[in-house]
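The values are calculated or read from the model by the stated rules, or taken from the named source; none is laboratory data. In this text the structure is predicted, and so the values were computed from the model without any measurement. No Cβ is skipped: glycine too gets one built from the backbone with ideal geometry, and neighbour counts run over all protein chains shown. Ligands, DNA and RNA are excluded from the accessible area calculation, which covers all protein heavy atoms including side chains. Shrake-Rupley method; radii C 1.70, N 1.55, O 1.52, S 1.80 Å.
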Number of protein chains: 2
Amino acid sequence: MSTAENRELERLAEAVIGRIFVPLEASGRHVHVTKEQALALFGHGLTPKRPLSQPGQYLAEERVSIVGPKGRLEHVAVLGPERREAQVEISVTDGRILGIAPPVRLSGDVSGSPGIKLEGPEGSIAIPAGVIAARRHIHMTPEDAARMGIADGQTVKLQTFTERPVIFGDVSVRVSPRFATFAHLDYDEANACGMQPGDLGRILS
Amino acid sequence: MSTAENRELERLAEAVIGRIFVPLEASGRHVHVTKEQALALFGHGLTPKRPLSQPGQYLAEERVSIVGPKGRLEHVAVLGPERREAQVEISVTDGRILGIAPPVRLSGDVSGSPGIKLEGPEGSIAIPAGVIAARRHIHMTPEDAARMGIADGQTVKLQTFTERPVIFGDVSVRVSPRFATFAHLDYDEANACGMQPGDLGRILS
């Protein structure tokens, strides 16, 4: 096959895969902070280190420690850009280390969730609420949602094609032109299904 | 209702639940050792502390440290009685802390698995192999297996009625008169499905 034919075949294969499968990504523990909090923790705003799969989102150069009543998590990733409200996304396993029980919530739904202390190189802050275990979710472009017949806010089952196959129930789909299509699991979930980078899932109706 | 009627109702309810559901249990990281290894680690054989759900099995008073190339796990449970071969059952998350990648295996299937160092109060031992992430499995009595139409060694799907509902694929069922009926998940799996003590699962055909 010629290089051009090869490229056309690859493009086709990707299009077919994109109609059926959703790439899986594991989200490690991470922190979102406001501009004011970044200033208090680091003495300046966040510095982009590398882009994430979601357009405009990035991993920052800066790191924090999360300090709970029972234990600490060091060198935790901070994601940018800054937000209007702090949010700390940890796994249930992380919660055991810290000594708190994070409620399972969608990003942004932090009312009544526990607070925590964050330590940066330039200072510490106490956030009054915002510690959650991210509810598993799928980010989806409007094009992929239309192809798959999925509406924004819909709850679906997600089958993983992984070493330890799982069907995750109660997976929330959020559709936006600002998104790239990816299913986000936390590390408890990624380890429970034996997920490796590049693994795919499929939405079950 | 009289106390006798109440008791009869409870007995009936339990019988019905036992025909449909399988109780879920989370297995924390733990270690099995031989008699010789117990002697080397503790200076004596294992001391039963409390019985486990599987008849004859117990949590020992003794504890060990697991020492990997990158990190340590302290105060790890030792289960008795002693076995003919050492086995160290950890989660994938634990493996990251230790710096090893445990293969997902059924108990007893340890060929080619990594070794590790164990430290006890009286000495240390290096086991050449035996570190695994336990493949999720169901212990089942022959009576329950007959009722549910399940054969020893069969692989099933297990639906969990938990906060974060999941259908676990690739669940191995082992049937023996020496067993009590329980589904065993590791902590990655238990956290991924939001399992709480007393939660139930159901085998899907």
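Say R0 is 35 Å: what FRET efficiency, to the nearest 0.05, do B:ILE20 and A:ILE20 get from their beta-carbon distance?
Efficiency, rounded to the nearest 0.05: 0.55.
One decimal, nm, shortest first: give the distances between the label point of A:LYS49 and those of the same position in the other copies, each label point 7 Å from Cα along Cα→Cβ.
From this label point to the equivalent ones elsewhere in the assembly: 3.8 nm.
Within 10 Å of each Cβ in B:187-197, how many Cβ atoms from other chains are there, averaged over the peptide?
For peptide B:187-197, the averaged partner shielding equals 6.
May I ask you to derive the FRET efficiency for A:SER53 and A:ALA4 from their Cβ-Cβ distance with R0 = 41 Å, giving the value to the nearest 0.05?
It comes out at approximately 0.90.
Please compute the modelled spin-label separation between A:GLN196 and A:ARG83, points set 7 Å along Cα→Cβ, answer in nm with one decimal.
3.2
Efficiency by 1/(1 + (r/R0)^6): what FRET value for B:ALA13 and B:ALA180, r their Cβ-Cβ distance, R0 = 22 Å, to the nearest 0.05?
Working from the Cβ atoms, E equals 0.75.
For A:GLY28, which inter-copy label distances result when the label point lies 7 Å beyond Cα on the Cα-to-Cβ vector, reported in nm to one decimal and in ascending order?
2.6
Report, by chain and number, residues whose modeled amide H sits under 5 Å from the one on A:ALA129, excluding near sequence neighbours (fewer than 5 apart, same chain).
Under 5 Å from the amide H of A:ALA129 lie the amide H atoms of A:ILE116, each far enough along the sequence or on another chain.
Per residue of B:156-167, count partner chain C-beta atoms within 10 Å of its C-beta, then hand back the mean as an integer.
Rounded to a whole number, the mean comes out at 4.
Run the 1.4 Å probe and let me know the accessible area of B:SER27, rounded to the nearest 10 Å².
Counting only protein heavy atoms, B:SER27 exposes about 40 Å² to solvent.
Just counting partner chain Cβ atoms within 10 Å, what average do the residues of peptide A:85-94 show around their Cβ?
Averaged over the peptide's residues, the number is 2.
Suppose we look only past 14 Å in the calculated P(r) of the range B:139-205. What percent of the Cα-Cα pairs does that tail hold?
56
Can you run phi through the Karplus equation (6.51, -1.76, 1.60; θ = phi - 60°) for the range A:171-178 and list ³J(HN,Hα) in whole Hz, with x for Gly and Pro?
9, 8, 9, 10, 10, 7, x, 7
Which whole-Hz couplings ³J(HN,Hα) result when phi for each residue of the range B:129-143 is put into the Karplus expression 6.51 cos²θ - 1.76 cosθ + 1.60, θ = phi - 60°, listed in order with x for Gly and Pro?
7, x, 8, 9, 9, 4, 5, 4, 7, 10, 8, 9, 6, x, 5
Dividing the Cα convex hull volume of the range B:78-205 by residue count, how many Å³ per residue is that?
Convex hull volume per residue, Cα atoms: 131 Å³.
Starting from the 7 Å offset along Cα-to-Cβ, what nm value, one decimal, do you get for the label separation of B:ARG147 and B:GLU74?
For the pair B:ARG147/B:GLU74, the computed spacing is 4.5 nm.
Nearest 500 deg cm²/dmol is fine: what mean residue ellipticity at 222 nm does the protein assembly as shown get from its DSSP H runs of n ≥ 4 alone, each adding -39,500 (n - 2.57), divided by its residue count?
Computed ellipticity for the protein assembly as shown at 222 nm equals -6500 deg cm²/dmol.
List, shortest first and in nm to one decimal, how far the label point of B:SER2 (7 Å from Cα along Cα→Cβ) is from its counterparts in the other copies.
9.3
Using Cα pairs under 8 angstrom and six or more residues apart, how large is the relative contact order of chain A, in percent?
Relative contact order here is 24 percent.
How far apart, in nm, are two points set 7 Å out from the Cα along the Cα-to-Cβ line at A:ALA40 and at A:ALA129?
For A:ALA40 paired with A:ALA129, the spin-label model returns 1.7 nm.
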